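We did not get these values from a lab; they are worked out from the coordinates using the rules stated. The structure presented is a predicted model; accordingly, all values stated were derived computationally and were not measured. Cβ: placed from backbone, ideal geometry, glycine included. Neighbour counts: every protein chain shown.
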Amino acid sequence: MFVAAGSLTAALAGAAGVGSAELAQAGWLGALQLWFLPVYLLLIALTPALLAAHRRGGLVHRYLVDMIGSGNTNPPSIALLPYAAAQFGLVMAAEPAAARLLARPRLWRRVRRLNATTMTVYLWHFVPVITIAVAFYPTGVMGQPAIGTARWWGLRLAW
């Protein structure tokens, strides 16, 4: 829906005479709404290690750490404040190193080239994902394997 609404709006705005620079800026601002994708991919990669740490009780304390579906976000609780502060602190700590890394012209060109296609791939992958999920999860044909198993990692690649 996000892509369809954005495409329709862009088409209507273009037909109404809105300039290409304005349309490009609007597209960029719309794409910013998907900031969470790199964080999500990193957390998927770290899930087995974080789950193991949680089960051992060493690195993760014994409270509801799931910010989605645990009641921490609906309605929002005070737990979101330290969660956001921790995320902000991690981003701020990583910023100088990331800026140095991206100051390299060759790497920056690669990032720009990949960025031109990333959103398209990300948004279009939802069509088969939703189709498969609706068709197979309720029937049990494609259940969720245990976290960290080879089958679980295989499904991460597919998702």
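Helix-derived [θ] at 222 nm for the chain: sum -39500 (n - 2.57) over DSSP H runs of at least 4, divide by residue count, nearest 500?
Rounded to the nearest 500, it is -22500 deg cm²/dmol.
Hey, what does the equivalent ellipsoid look like for the chain, semi-axes from the Cα gyration tensor as sqrt of 5 times each eigenvalue, largest first, whole Å? It would help to have the intermediate numbers written out before the result.
On the way: eigenvalues 212, 116, 69 Å².
Values for the chain, descending: 33, 24, 19 Å.
Quick one: angle between helix 37-56 and the longest Cα principal axis of the chain, in degrees between 0 and 90, rounded to 10, please.
It is inclined by approximately 0 degrees.
Might you report the magnitude of the Cβ-based charge dipole of the chain about its Cα centre, with Lys and Arg at +1 and Asp and Glu at -1, to the nearest 20 debye?
So the magnitude is around 720 debye.
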